[in-house]
Amino acid sequence: MIKRFRKLIIHAGMPKAGSSAIQEGFAASTIEGCELLGLGNGNQNRACSLLFGGGATNRKKFHGRIDLPQTSRDEFDARLTRQFSESKAETLILTAEWVYTANEQMLRRVLRRFKPHFEAIEVYAYIRKPSEFIPSDFQQQYKISAPGFGLQWPDYALHLGRLDKVFGATCVHLRLFDRDRMKGGDAVLDFAEWANLSGLEPARKQVNTSLSAPGLSLLACFRRHRSGKDFPPGHPDLQALLGATKAMKSPRFVIEPDLVAAKIDAHRDDLAWLSERLGEAIEDHPRLPKEDDVVFGSEDDLKHAAARFVPLLDGKPTHRLPQGADEADALAWRRVVAWLNTPNDAETREQPQGLFARVARALPFKRL
């Protein structure tokens with residue numbers, strides 16, 4: 001006889017809607033009567049892709065192409081089988097933004113695997129407005145790969161429609177991601193109340209923080225020159241650069257409002273679908289830049305900004321440069337290379353001079 005649990009809660013994102021904070025909360029909390037599925041303590045995207053992706057993922061739209069090994073699929077499946085047999089919890093939790101981006105076939109694999117073991121399966125997803133999603137996703141692309149300048153649309157009807165079709169619209173719970181509406185202004189506390197998870201608390205550490213204009217421009221400079229499988233998101237030199245830019249709190253960046261407005265206008269039907277699905281009108285407009293904000297409307301804008309802000313790596317004042325975009329990019333890159341080769345930065349990386357530094361020494365750059 002198959003053991004059945006009371007409920008499976010699937011936290012499906014959406015991407016760029018507080019998921020990292022919620023997942024850290026899951027990992028750090030003891031939730032009354034609940035357990036995380038044995039697919040990882042935080043983000044369970046990788047396990048879901050292995051188990052249900054059929055050898056491929058559908059994450060390119062939001063997170064670039066990620067090639068994942070298939071060798072752990074049986075191991076993950078065995079973990080689930082053991083947990084279904086041994087767990088004393090009433091409710092189990094799956095947390096993966098992968099669920100939001102998965103195609104219908106993949107979602108049906110999820111349903112087939114879990115339905116025999118649960119009396120109910122409830123899906124929860126926060127929904128980010130386009131004007132907020134677009135800049136957040138824009139910087140995430142550079143953290144993961146070298147996407148080039150482009151703005152992604154979240155395709156609400158496509159992804160949410162799949163969830164409704166597979167799990168049933170009455171079992172798919174959606175809520176607008178709006179901190180002004182959230183309990184305590186916090187996504188983790190709000191999700192705990194929404195899904196009735198007693199004991200879920202915010203994690204103490206800050207995760208996946210937003211980048212300022214200096215941080216994003218310097219990250220884009222790095223990605224233009226160093227990307228691909230040899231420089232994944234966890235590469236020590238990339239992490240060192242991200243660590244340094246966290247201290248650069250300002251100025252903020254804004255995506256060129258006309259570009260965002262054009263994106264919104266081109267997808268008015270999708271917004272109308274979302275409004276009907278949420279039961280409230282979603283009116284959205286681009287964020288307009290304030291006096292000190294830096295506007296990014298092209299790759300050239302990012303190049304100029306990197307040249308302007310790269311002195312901050314050495315604690316020096318910023319400056320404006322009269323040269324063209326390619327010259328600005330070359331100057332910024334030389335300064336980034338020099339900074340990564342500076343011994344006093346060694347503590348932030350696994351080795352004083354890692355793979356990136358060894359490659360950089362072979363380049364025809366002189367330290368400024």
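Quick test of your reading of the structure: residue 254 fulfils all but one of (1) outside any strand (DSSP E or B); (2) within 26 Å of residue 286 (Cβ to Cβ); (3) among the hydrophobic types (A, V, I, L, M, F, W, C). Name the failing condition by number. Tallying (1) outside any strand (DSSP E or B); (2) within 26 Å of residue 286 (Cβ to Cβ); (3) among the hydrophobic types (A, V, I, L, M, F, W, C), residue 254 fails exactly one: (1). Looking only at residues in the stretch 264-275 that are over 30 Å from residue 146 (Cβ atoms) and small (Gly, Ala, Ser), the one that is most open to solvent (accessible area, probe 1.4 Å) is 272.
Kindly indicate whether any position in the stretch 276-292 is among the small types (Gly, Ala, Ser), surrounded by 15 or more Cβ atoms within 10 Å (Cβ to Cβ), at pLDDT 90 or above and in contact with a helix residue (DSSP H, G or I) (Cβ under 8 Å, 6 or more places away or on another chain). Before the answer, list the steps.
Our first condition is that a residue be among the small types (Gly, Ala, Ser); within the stretch 276-292, this holds for 279, 281.
Those still in the list that are surrounded by 15 or more Cβ atoms within 10 Å (Cβ to Cβ) too: none.
Within the stretch 276-292 (the criterion being among the small types (Gly, Ala, Ser), surrounded by 15 or more Cβ atoms within 10 Å (Cβ to Cβ), at pLDDT 90 or above and in contact with a helix residue (DSSP H, G or I) (Cβ under 8 Å, 6 or more places away or on another chain)), the answer is no, since none of the residues qualifies.
Cβ-Cβ distances below 9 Å connect the following pairs, each with a first residue in the stretch 274-288 that is without any contact (Cβ under 8 Å) to a residue 60 or more places away in the chain and closer than 18 Å to residue 164 by Cα, a second residue that is of a type outside the set (Lys, Arg) and assigned to a loop (DSSP other than H, G, I, E, B), and a separation of six or more residues or different chains: 275/281; 275/282; 275/283.
A single member of 306, 328, 261 is in contact (Cβ under 8 Å) with a residue 40 or more places away in the chain and open to solvent by less than 60 Å² (accessible area, probe 1.4 Å), and it is 306. Scanning the stretch 1-53 for residues that are within 15 Å of residue 196 (Cβ to Cβ) and among the polar types (S, T, N, Q) yields one hit, 29. Within the stretch 249-258, the set of residues being open to solvent by less than 20 Å² (accessible area, probe 1.4 Å) and under 17 Å from residue 217 (Cβ atoms) comprises 253, 254, 255. Applying the criterion of being in a helix (DSSP H, G or I) and surrounded by 17 or more Cβ atoms within 10 Å (Cβ to Cβ) to the residues of the stretch 112-135, the residue that is farthest from the chain's Cα centre (by Cα) is 117.
The values are calculated or read from the model by the stated rules, or taken from the named source; none is laboratory data. The model shown is predicted, which means the values in this text are computed figures rather than measured ones. Every residue, glycine among them, receives a Cβ derived from its backbone with ideal geometry; neighbour counts consider all protein chains shown. What goes into the accessible areas is simple: the full protein's heavy atoms, side chains included, and nothing from ligands, DNA or RNA. Shrake-Rupley method; radii C 1.70, N 1.55, O 1.52, S 1.80 Å.
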